[in-house]
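The numbers here are math on the coordinates, done by the rules we state, and not lab data. Quick caveat: nothing in here was measured; it's all calculated off a predicted structure. So basically every Cβ, Gly included, is an ideal-geometry build from the backbone, and we count neighbours across all protein chains shown.
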Amino acid sequence: MKIDGGCFCGHVTYEAEVDPDAVFICHCTDCQIHSGTAYGVVVGILDEEFHLLSGTLKTFEKLADSGTVRALTFCPDCGTRIHAKTVGEGSSFFGLRVGTVRQRRELIPKAQFWCRSAQDWVADLSSIPKFEKQSTLG
C-alpha cells in the first residue's frame, strides 16, 4: 500500500510502501513516554520502501526495554516522532509511526506487543464516555 505523511509542522514529508497487515500497537514503557500516551502504533517498513521527500530528521539513540539500542527519529522543528530502528543488527526494518501517515484510518492494528507494560484502562475504552468534539466535564 502506498502511503505518504509527515510531521506536525510540515517540515518533514515522506512517502512509503507498507504492508497494512504489519500494523502493531506497542505498550512498552518507552513508547508510553515518548508518545506521551498509553501506547505507540507503528507499521513495519523496510529502509528501501521509505523515501524522505522534504526536511531532515534528528536521531536519538536509546537502550530499549528489549535490550537493543533503538534509533528514534524526530522532526528537529516540532519534535514529531517519525520512526524507530534497531541499531547495529544489520536490519533494515523499522517502525513508522502510524500517526504521521495521512492514510492512518486504513492502517488497523493486527497485534499488540509488550502487553505486560500496558495500562490497565486501555483494555476497555468502550466504557469511557465519547464526544464528537472536545467537551468540558462536570
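Computed quantities for the displayed model
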| read-out | value |
| --- | --- |
| Least to most buried among Leu72, Leu125, Leu96 (fewest other Cβ within 10 Å first) | Leu125, Leu72, Leu96 |
| Lys/Arg +1, Asp/Glu -1 at C-beta; the chain dipole; positive extreme among Ile128, Phe113, Cys78 | Ile128 |
| Likely footprinting exposure, Cys26, Cys115, fewest C-beta neighbours within 10 Å first | Cys115, Cys26 |
| Dipole magnitude (debye, nearest 20) for the chain, charges at Cβ of Lys, Arg, Asp, Glu | 400 debye |
| Highest-MSF residue in the chain out of Val69, Val101, Val12 [GNM, Cα springs under 10 Å] | Val69 |
| Centroid-to-centroid separation of the range 1-32 and the range 66-130 [C-alpha atoms, Å] | 8 Å |
| Lysines with Cα under 21 Å of Lys110, excluding same-chain neighbours fewer than 8 positions away | Lys2, Lys85 |
| Distance (nanometres) between label positions extended 7 Å along Cα→Cβ at Lys110 and Ala22 | 1.0 nm |
| Fluctuation leader among Gly88, Gly44, Gly55 - the chain, Gaussian network, Cα springs under 10 angstrom | Gly88 |
| For the range 2-118, alpha-carbon Rg and Dmax in angstrom | 13.2, 38 |
